[in-house]
1. Check Leu134 against each of (1) assigned to a helix (DSSP H, G or I); (2) over 25 Å from Leu291 (Cβ atoms) and name the one condition it does not meet.
2. Of a type in the set (A, V, I, L, M, F, W, C), crowded, with 17+ Cβ neighbours inside 10 Å and within 16 Å of Val456 (Cα to Cα): which single residue out of Ala363, Ala400 fits that description?
3. If only one of Glu468, Glu480, Glu513 is in a loop (DSSP other than H, G, I, E, B) and either in contact (Cβ under 8 Å) with a residue 12 or more places away in the chain or out of contact with any strand residue (DSSP E or B) (no Cβ under 6 Å at 6 or more places or on another chain) (or both), which one is it?
4. As an exercise: evaluate Ile629 against (1) touching a strand residue (DSSP E or B) at 6+ places or on another chain (Cβ under 9 Å); (2) outside any loop (DSSP other than H, G, I, E, B) and give the number of the one condition it does not meet.
5. Does segment 171-182 contain any residue that is within 28 Å of the chain's Cα centre (by Cα), at positive phi and in the same structural domain as Thr100 (by TED's automatic domain parsing)?
6. For segment 428-448, how many residues meet the condition of being crowded, with 22+ Cβ neighbours inside 10 Å, more than 20 Å from Arg340 (Cβ to Cβ) and free of Cβ contacts under 8 Å to residues at least 60 places away in the same chain?
7. Quick one: is Met459 farther than 30 Å from Val572 by Cα and assigned by TED's automatic domain parsing to the domain that holds Gly325?
8. Within the set of pairs 6 or more residues apart or between chains, which connect a residue that is charged (D, E, K, R) inside segment 675-691 to a residue that is part of a loop (DSSP other than H, G, I, E, B) with Cβ atoms less than 9 Å apart?
Amino acid sequence: MSETKFEGLLQLPNLILEQDGDNLVWLRFDQQDSSTNVLSKAMFSDLNAALDKLEEIKPAGLVITSNKKSGFIAGANIEEFTQVENSEQIIALIERGQSTFNRIESLPFPSIALIHGFCLGGGYELALACDYRLVNADEGARLGLPEVLLGIHPGFGGSARLIRLLGVLQAMPLMLAGRTLDAYSAKRIGMIDELLPARNLTQAIATYLKKKKAKRSKKLLFSFLELPFMRSLIAKRICKETAKKIRKEHYPAPYALIDLWQKNGGSFTDMMVGEGPSIAALFEHPTAQNLVKVFFMQQQLKKLGTNKKELGKKELRPTHVHVIGAGVMGGDIAAWCALRGMTVTLQDREAKFIEPALKRAAALFEKRVKDKVKRQAILDHLIPDIQGSGVERADVVIEAIVENLEAKVALFKALEPRLKPGAILASNTSSIPLESMASMLREPGRLLGIHFFNPVAKMQLVEVITCEQTEPQWFDKGLEFVTSINRLPLPVKSSPGFLVNRVLLPYLIEAVELLDEGVAAERIDAAMLEFGMPMGPVTLADTVGLDICFSVANILSASFELSVPELLRKKVEQGDLGLKTGKGFYVYKKGKAVKSKNISSFGPGKDEITERLLLRLLNECVACLREGIVENAEQLNAGMIFGTGFAPFRAGPMSYIQDQGVAEILNKFTRYQEEVGDRFIPDAGWQALLEAQKSEKNRS
């Protein structure tokens, strides 16, 4: 954008108001003491003061933008919502936001939201109140209304305005899933008006502000779809489609939004009025309370990798990653790092082992990056490197070869003298204790475990593993690296299986034990889907690969009292490894499990299936907490939610234990130990939980 002279009109703690020579006013959000803008009480106060000034001077037009590099506005201040005491206060917060955005919409001159970076939740609701929405293509953007991920739905008029803009058939699926879109996708469906490089924005702003205010009337088709009989038909259809993905008892917010539209969709005003009471009711539901906890867990993990920045210390800025091993994990780690803007060299023994990884990477980039020039540039930064010449230049070197201790140690010994000063050396091992590798190196304190999960592009969690030899500066660098590639770092103490795999394995083995008893795979999976897991344990084992499950089980059985089921051994010996071979515990056709229509009811009932599986998982969680594998219960909860998909609406396994009651769960252990066997002996850590819960009850 060309240089423009501005005259200061108003300087407030969280925003600046300036006027240029063309009588256009620029409102720049710049929240104090924060790298991100959020819609807090103080922000709304400043925004209303700025609107007072605008209504007084009546400029030719208004441009609303942000001075933050991170983006426009990331959403509402969630912490303020957690401090309210009753429904009336929730409704007051909603009405404050609505009235402010209504003022923007009612300004007697045209307004533009000039967007870059994050424009989410309340931020995009503010943009919807403007007449036009322009995005700086050079910086990109992420836009949407993801409120359902917090157990609520849009409340500052966003539900009414997005439906008015896009129509219910396009707007509702976005809000129900909490989907956010990149700028190219948003432009294609009409969420924004323009996507332009910075050099063209000045002219575009001038052109748009010469126009009249945007028309707020709906298209004829949109109005037809909001007739009462059509709303009823469409709402039933949307409910049916939503029920295929989520259960109302687990996640009520999407259904509340559908109900809000079915009752009030014929009137923009009624939709606005209905948002507050609907959200107030949702906030009282345990799902919203637990999903807000999950949100804060996520924020805490993000902060682990940004502490140096906050403390004013020098940040790690990796630009070159070298990955050794182009299999599914190694290749996909390389692709993800390239997608996040890094130069990546990918090493394997021969080109034929690297080619499949490059094909998968190209498919990922095509899905994630719409601009062909940018997509090709990213692909060009993913470089096959059979000779391993990238090692000396790399800021981060990640090993992702076969899960074999001797092979890994030999590789690290060869790599160590080639590393440049300050380069991270990491293993993506899924189960081998770090100390068994580090102790063989010249600098044992340098080696980290940086354990990704499959599929890399979807799983947010990365375990950052340390052992007694690990030096603090390398641990800090590992956390920073993971954060720099937009992943959530979880600090984990080295132990066989670390956290996620260690906890998952007894759960999966119990599913195999149930299969061996003759229980139908479909019944086992159905029980855990009803509990809230994203995938049943039998399907999960088949998806991971039964050979992988068998290998990890053998490694962990040497350290823990864990027996490997004979049924699992037989499946591996027969070559029935799951999804990748077309047959495991299920048979697969075109990548989908063929499930029986006539499911046998033989064996224990649904409640017993659920309890047996959960008790094995919960017992290992308590053991990990007792052993200090993670620092605290919150980190364990976060690890299981973001690493396994443990039902987010339950806020993690340790929260589930507290909700159910420690004594009640211990009674179930006693029952199953007597009926099934010693694998249901509770870990010693349960006693401390029981005493803590008793003390808490006595205090209250």
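The values are calculated or read from the model by the stated rules, or taken from the named source; none is laboratory data. Quick caveat: nothing in here was measured; it's all calculated off a predicted structure. A quick note on method: Cβ atoms are made from the backbone with ideal geometry, for glycine too, and the neighbour counts reach across all protein chains shown.
1. (1)
2. Numbers: Ala363 fails: crowded, with 17+ Cβ neighbours inside 10 Å.
From the options Ala363, Ala400, the qualifying one is Ala400.
3. Working: Glu480 fails: in a loop (DSSP other than H, G, I, E, B); Glu513 fails: in a loop (DSSP other than H, G, I, E, B).
Glu468 is the lone residue from the list that is in a loop (DSSP other than H, G, I, E, B) and either in contact (Cβ under 8 Å) with a residue 12 or more places away in the chain or out of contact with any strand residue (DSSP E or B) (no Cβ under 6 Å at 6 or more places or on another chain) (or both).
4. (2)
5. First, the residues of segment 171-182 that are within 28 Å of the chain's Cα centre (by Cα): 171-182.
Of the ones still in play, those that are also at positive phi are 178.
Subsequent filtering for residues that are in the same structural domain as Thr100 (by TED's automatic domain parsing) retains 178.
Looking through segment 171-182, at least one residue is within 28 Å of the chain's Cα centre (by Cα), at positive phi and in the same structural domain as Thr100 (by TED's automatic domain parsing).
6. Qualifying residue count for the region: 4.
7. no
8. Asp678/Glu561; Arg679/Glu561; Arg679/Leu562; Arg679/Ser563
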